[in-house]
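Working notes, structure below.
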Amino acid sequence: MKQLHILLILIFSIVISSCIPNKELVYLQNKEQAQDSILAITEKQKPYRVQINDILNIRVKALDQKNVQIFNPVGEENLNADGEERAFFDGFTVDLHGNIRVPVLGDINVLGYTTEEIENMLEKKLLEEEFKETANIFVTVKLTGLRYTVTGEVGSTGTKTLYQPRVNIFEALANAGDITVVGNREDVMIVRQYPQGQKIHHLNLLDAAVMESPYYYIQPNDMIYVKPLKQKSWGTGTTGVQTFTTIVAVLSFVTTTILLIDRL
């Protein structure tokens, strides 16, 4: 009887330690401790600065659009291509030296500049070299989609592209099928590109204060990695019922084996 009691305590302990508690699954906890400015998502994101291998979408407008047609490739040969293919053929890729090659203007260094700064740079250069003020030149520069990679414990790994100016970490993960039950929401890693190399940043998605993080909004070329919880490596189940079922099955097998051995 005593042995049975010890066995039941052991099973109960394993079940409790193996299943994933609710507090490790709920996003944005500690709301009562967060300031109103945080819950309102105070935006501390710095403007994105162009990196090597970025693709820029540049369009030039003027009173007489024929005069600026050369600056606006339309990709006639690839009208049936999807968004990413059109961006590749029509966009301006930043080379290893940080330059883009613009018709008539030649190589222009854009590395480390924001899209707004590049717009002003191109407008100024066009007015100095090609047009007069009366042409009413207007330049728009955009990134051709926000491209990032998601790997680890998510519903759909791989490289994703979203066509919007900014994306927060929750939107990025939702687009990848969200974090699985056995994914670690408390320590999501973001590998970000910088001119001097790569850096790893950590986000705790369980805490509402994550919205105050400077890494809350992802950037182009980010890699998001979601680590597995220890319960996955144990393989005992993600809920108490699953864990209990697994343990009962194992114990039944062990008991049956012992009985068969005793009869031999």
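The values are calculated or read from the model by the stated rules, or taken from the named source; none is laboratory data. Keep in mind that this is a model prediction, so the values were computed, not measured. Cβ coordinates were reconstructed from backbone atoms using ideal geometry, including for glycine residues, and neighbour counts include every protein chain displayed.
Figure legend. Inter-residue proximity from the range 193-214: first residues free of Cβ contacts under 8 Å to residues at least 12 places away in the same chain and in the same structural domain as Ile179 (by TED's automatic domain parsing), second residues outside any loop (DSSP other than H, G, I, E, B) and basic (Lys, Arg), beta-carbon distance below 7 Å, spacing 6+ or different chains. Indicated pairs: Gln198/Arg192; Lys199/Arg192. Total residues in the range 90-130 satisfying the condition of being crowded, with 16+ Cβ neighbours inside 10 Å and in contact (Cβ under 8 Å) with a residue 60 or more places away in the chain: the figure is 7.
Considering the range 137-151 alone, what residues qualify as being under 12 Å from the mean Cα position of the chain (by Cα) and buried (at least 18 other Cβ atoms within 10 Å of the Cβ)? Talk me through it step by step, then tell me what you get.
Narrowing the range 137-151 to residues under 12 Å from the mean Cα position of the chain (by Cα): 146-151.
Within the range 137-151, Leu146, Arg147, Tyr148, Val150 qualify.
Taken over the range 187-197, the criterion of being in a strand (DSSP E or B) and modelled with pLDDT under 90 is satisfied by Gln193, Tyr194, Gly197. Before we move on, is Glu133 assigned by TED's automatic domain parsing to the domain that holds Asn120, surrounded by fewer than 18 Cβ atoms within 10 Å (Cβ to Cβ) and without any contact (Cβ under 8 Å) to a residue 60 or more places away in the chain? Yes; evaluated as a whole, the condition is true for this residue.
Scan the range 103-140 for residues that are part of a strand (DSSP E or B), in contact with a Lys or Arg (Cβ under 8 Å, 6 or more places away or on another chain) and closer than 28 Å to Pro195 by Cβ and jot them down.
If we filter the range 103-140 for residues that are part of a strand (DSSP E or B), which is where we start, we get 106-109, 138-140.
After this cut, where a residue has to be in contact with a Lys or Arg (Cβ under 8 Å, 6 or more places away or on another chain) as well, the list is 107-108, 138-140.
Passing the criteria: Asp107, Ile108, Val139, Thr140.
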